[in-house]
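Structure record follows, encoded as structure tokens.
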2 protein chains.
Amino acid sequence: MQISLVDHFSRYVTISDADIEIINKYIKRNTFNKKEELLRNGQVCKSLYFVEQGCLRMFYINSKSTEQITQFALDGWWMADFFSFMDQLESEYFIQAVEASKVVTIEFQSFEVLLKEVPQLERYFRIIMQKKIAASQLRMKYLYEMSKEEFYYHFVNSFPEFVQRVPQYMIASYLGLTPEYVSELRKKNQ
Amino acid sequence: MQISLVDHFSRYVTISDADIEIINKYIKRNTFNKKEELLRNGQVCKSLYFVEQGCLRMFYINSKSTEQITQFALDGWWMADFFSFMDQLESEYFIQAVEASKVVTIEFQSFEVLLKEVPQLERYFRIIMQKKIAASQLRMKYLYEMSKEEFYYHFVNSFPEFVQRVPQYMIASYLGLTPEYVSELRKKNQ
DNA sequence: TTGTTTTATTAAACCAGTTTAATTTTTTTG
DNA sequence: CAAAAAAATTAAACTGGTTTAATAAAACAA
């Protein structure tokens, strides 16, 4: 369900044709193959990424040397390591395409200039960030409230498209479960 | 360590004396006694709260009928149920003063008008929200990575002021531990 | 300064979810 | 298509943290 960045802007603020020309100066459009890396551990997160189509995941290598997924982004979602991006510090994360993906890239400097030249975008990003906070507050509430079994079924019922598009072990990782436990749950509830 | 709202704005954007006059039209300053409620379960979160001095906590009543704390705010922090605030929906949370607190209140309608009249504040809130997201990404990483014992000691070492100001059972609740387990940890490491 | 309420401690029984290690199934690739 | 790599399953032993229930200590209010 592809979505263009400008359409997404237009859901929240008014964008003129002149604005679109400016925007196009400061963004890049890339396609990434399955498993291609957008960011690697040790690099600075130089860009914000907007998924027009596809799926990205963010993960780090934990103390057991396994990949711990902390975020996904599907069509119409933003992804970045904000901690690294904001202060241009080294990131501890990888960002990788889960499937072939069309991505809009805004680099740090371009982002700053773009916000000056198209000031409505300050409002757009303020609203988007606010929604991200609301979503993460809700997610934390579920984490406090639910057992891991409930958390798993709540997720797959709420986001059935993930089950279609993302391998089970990645969902397990994102939800903080072992893949073995997910197998056990699926067997139990066939 | 009191901090005024306008000083906080000024850390991120330029605020003129004229702006300050406008701001003062749209904000309210309140003091709350210990245990006084700013928001109650079932009400709409009508305002954003900025703590100039003191401490607020946000919690809900969980399925075991006990208070589950999900957030604190100390001097210089914002607090709101963004989910309820943004769409003016009923909240499931309580917000309560942990100690006597000086709070700046911005109501939903005032917030919208204020952002129009002092447009730099779009930028301020965009940056603040971005920082909140970065902080919550970091918190999630710790949640994935650490055992509950590590999580507890990491928190008390990172935020020693909380241990001074907030009862131990509230910290336990916020960290998702039972108070009994915190006692056990403290005994073990005397 | 005493009685009441709130907060913290103790200890034993318990269990939800992990670990380990092996096997099977599915997907990818040359 | 066959071989290799990636993903999913199975089952048993194990453990970090919870539950329960009772007591003790600290803080607060009259």
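The values are calculated or read from the model by the stated rules, or taken from the named source; none is laboratory data. None of these values were measured; they are calculated from a predicted model. Using ideal geometry, Cβ is built from the backbone for each residue, glycine included, and neighbour counts are taken over all protein chains shown.
Miscellaneous remarks
- Residue A:23 being in contact with a strand residue (DSSP E or B) (Cβ under 7 Å, 6 or more places away or on another chain) and in contact (Cβ under 8 Å) with a residue 60 or more places away in the chain: no
- Among residues of segment B:115-127 being more than 7 Å from every other protein chain (Cβ to nearest Cβ) and touching a residue at least 40 places away in the same chain (Cβ under 8 Å), the one that is farthest from residue B:24 (Cα to Cα) is B:127.
- Count - residues of segment B:128-148 that are of a type outside the set (Ser, Thr, Tyr), more than 15 Å from the chain's Cα centre (by Cα) and more than 7 Å from every other protein chain (Cβ to nearest Cβ): 3
- Residue A:40 satisfies every condition listed in (1) within 11 Å of chain B (Cβ to nearest Cβ); (2) surrounded by fewer than 18 Cβ atoms within 10 Å (Cβ to Cβ); (3) charged (D, E, K, R) except (1).
- Candidates in segment A:139-163 are the residues that are within 11 Å of DNA strand D (Cβ to nearest atom) and in a helix (DSSP H, G or I); of these, the one that is modelled with the highest pLDDT is A:144.
- Some residue of segment A:90-109 being under 18 Å from the mean Cα position of the chain (by Cα), within 16 Å of DNA strand D (Cβ to nearest atom) and aromatic (Phe, Trp, Tyr): yes
- Segment B:172-183, residues that are part of a helix (DSSP H, G or I) and under 13 Å from residue B:149 (Cα atoms): B:172, B:175, B:179, B:180, B:181, B:182, B:183
- Between B:166, B:182, B:156, the distinction of being in contact with a strand residue (DSSP E or B) (Cβ under 9 Å, 6 or more places away or on another chain) and within 15 Å of DNA strand C (Cβ to nearest atom) belongs to B:166 only.
- Single residue of B:85, B:111, B:94 found to be among the aromatic types (Phe, Trp, Tyr) and within 9 Å of chain A (Cβ to nearest Cβ): B:85
- So residue B:101, is it more than 16 Å from DNA strand C (Cβ to nearest atom) and in contact with a strand residue (DSSP E or B) (Cβ under 7 Å, 6 or more places away or on another chain): no
- Answer residue from segment A:48-65, given it is in contact (Cβ under 8 Å) with a residue 60 or more places away in the chain and within 13 Å of chain B (Cβ to nearest Cβ) and is surrounded by the most Cβ atoms within 10 Å (Cβ to Cβ) among those: A:59
- Among residues of segment B:138-160 being farther than 24 Å from residue B:55 by Cβ and without any contact (Cβ under 8 Å) to a residue 24 or more places away in the chain, the one that is surrounded by the fewest Cβ atoms within 10 Å (Cβ to Cβ) is B:147.
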